[in-house]
Amino acid sequence: MFSHHPGPYLLLSNPRARSVDRTAIAGIAARLGLEGRAIREIGRDGSARALAAEAVRARRPYLLVAGGDGTLHEVVQEVAGTDTALGLIPLGTANDLARRLTIPLELDATCALLSAPRVAAVDLLRIGERLIASVGGFGIAADIVAFSNRVRRRPPLRQLLAPLGSAIYPAAAAATIIARRPRDVRYALRADVSRPHILRAAAILVGLTDRFGGALKLVPGGGVQPGTFCALVITASTRRSLLAALQSLRSGHTAGRYFRSYSGLTCLEFHSSHPVGAFADGEWLGLRHRSRVELERAALKVIVPPAFAGVHTRTAVLQEAI
């Protein structure tokens, strides 16, 4: 018989995540002492957003999510700005948010972290009504995301490509670049309070982390400072130059001729000459002519390792397990 009073944890699992299966979820639940109504399966029991909203309404202190960045993106839309803290069990392909938060990718270490939670408030980005937990972007970068998502949603292809892991993203990028004629898109771009400037670009990437897609380098140098975000404009305009830019992203050399980087941002806005695709945390957001990307300070409570330093010293919320 189950209590009508919710316990501190609710576990959501995504059976479509790359490395998840019900046996693994059962093992995770057992390690954390969870059973019955404390476990929900996305799809069978409702959408990720609906189940996250349920956890918030029930005032669950901790919402644990076993899945990838796409699942976490949906959950963040409901959990941000509430007292429910998000706990990550990274079982996706790239696990960008887990890498940003220095969450261990090994299940034993993750369970140990979640069983004695320390909670910090971290930044998010906002594009219109959508919140971003790691990386978003526009232009051909969004087309690449859409293509890789279509591939991964086909079960035979998903199984065939699973051994690639996060290498699927550079492969999808190369396939998209080769298959499509580059578009000449002009942007009126404004970073923070600077004057707008006009440039031609194939893609604009924005992020709260210095890497995305598992291993692609977003900005040169070190990481992203708390209270800011970074942006990378890819100015390559031909198939050959785009493939060269992709190789530079893979090798970490993003200070070359095909890139313009920005750091220390709190706002970035643009108007484009043609509609361009947009994505957030690996999810397609549709086409748009203009966008405004804004920093949302300390907007999400998350369970982090003790050594995690990517928080605001003034606004971080830190507590021991209850």
Counting only residues in region 88-145 that are of a type in the set (S, T, N, Q) and on the phi < 0 side of the Ramachandran plot, the one surrounded by the most Cβ atoms within 10 Å (Cβ to Cβ) is identified as Ser134
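So that you can scan it fast, the table gives a plain yes or no per residue for (1) in contact with a Lys or Arg (Cβ under 6 Å, 6 or more places away or on another chain); (2) at positive phi:
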| position | (1), (2) |
| --- | --- |
| Val224 | no, no |
| Cys230 | no, no |
| Val233 | yes, no |
| Ser241 | no, no |
| Leu246 | no, no |
| Gly264 | no, yes |
| Glu283 | no, no |
| Ser291 | no, no |
Taking the stated definitions as given, is Gly81 assigned by TED's automatic domain parsing to the domain that holds Thr23, assigned to a loop (DSSP other than H, G, I, E, B) and of a type in the set (Gly, Ala, Ser)? yes
The residue from Arg49, Arg31 that alone is modelled with pLDDT of 95 or more and of a type in the set (Lys, Arg) is Arg49
Here is a check on your reading of the model: is Leu218 within 18 Å of Ala174 (Cβ to Cβ) and in contact with a strand residue (DSSP E or B) (Cβ under 9 Å, 6 or more places away or on another chain)? no
Exception for Ser148 within (1) surrounded by 18 or more Cβ atoms within 10 Å (Cβ to Cβ); (2) of a type in the set (S, T, N, Q); (3) not assigned by TED's automatic domain parsing to the domain that holds Phe279 falls at (3)
Of Leu242, Leu232, the only residue that is buried (at least 19 other Cβ atoms within 10 Å of the Cβ) and in a strand (DSSP E or B) is Leu232
Taking region 84-106 and keeping only residues that are within 14 Å of Phe212 (Cβ to Cβ) and either in a helix (DSSP H, G or I) or of a type in the set (Asp, Glu) (or both), one is left with Asp96, Leu97, Ala98, Arg99, Arg100
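Residues checked against (1) in contact with a Ser or Thr (Cβ under 9 Å, 6 or more places away or on another chain); (2) part of a helix (DSSP H, G or I):
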residue: Thr23; (1), (2): no, yes
residue: Ile28; (1), (2): yes, yes
residue: Gly43; (1), (2): no, no
residue: Gly46; (1), (2): no, no
residue: Ala52; (1), (2): yes, yes
residue: Ala55; (1), (2): yes, yes
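The values are calculated or read from the model by the stated rules, or taken from the named source; none is laboratory data. From a predicted model like this one, the values you see are computed outputs, not experimental measurements. Neighbour counts run over all protein chains shown; Cβ positions are idealised from the backbone, glycine included.
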